[in-house]
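The values are calculated or read from the model by the stated rules, or taken from the named source; none is laboratory data. Because the structure is a prediction, the values reported are computed rather than measured. Ideal geometry is used to build each Cβ from the backbone, glycine not excepted, and the neighbour counts take in all protein chains shown.
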Amino acid sequence: MDEQKTHCMNCNSEVPAHAAACRHCGYDGQEDLEDDWEDDFDYDAFVEDEFGDRQLSSRIRPWQQFLALFLLLVFVLGFMWPFLLL
Ligand SMILES: [Zn+2]
């Protein structure tokens, strides 16, 4: 039995040359990994990752937090200061 071997272009595992796809990672020898990614694209997961509260704190820069706090302070003081004068 003379089974030719090759190496998976994706994970470099040894796979039979005639194999349709790598048994280790499923790579099928086509340059379509990005197409597969788009086929599997989960818009809801993408939105949650980009805009979900879970990720929000890690995405905000410190200066953005400061700016938000400053604007909130200005807003609150702007609303409150006439009462403070009474
Ligand atoms: Zn592979």
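Data table
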read-out	value
Residue that is nearest to the ligand (Cβ to nearest atom) [pool: residues in the stretch 12-53 that are part of a loop (DSSP other than H, G, I, E, B) and modelled with pLDDT under 70]	GLY29
Residue list for the stretch 1-11, restricted to those being assigned to a loop (DSSP other than H, G, I, E, B), surrounded by 10 or more Cβ atoms within 10 Å (Cβ to Cβ) and either touching a residue at least 40 places away in the same chain (Cβ under 8 Å) or more than 7 Å from the ligand (Cβ to nearest atom) (or both)	MET9
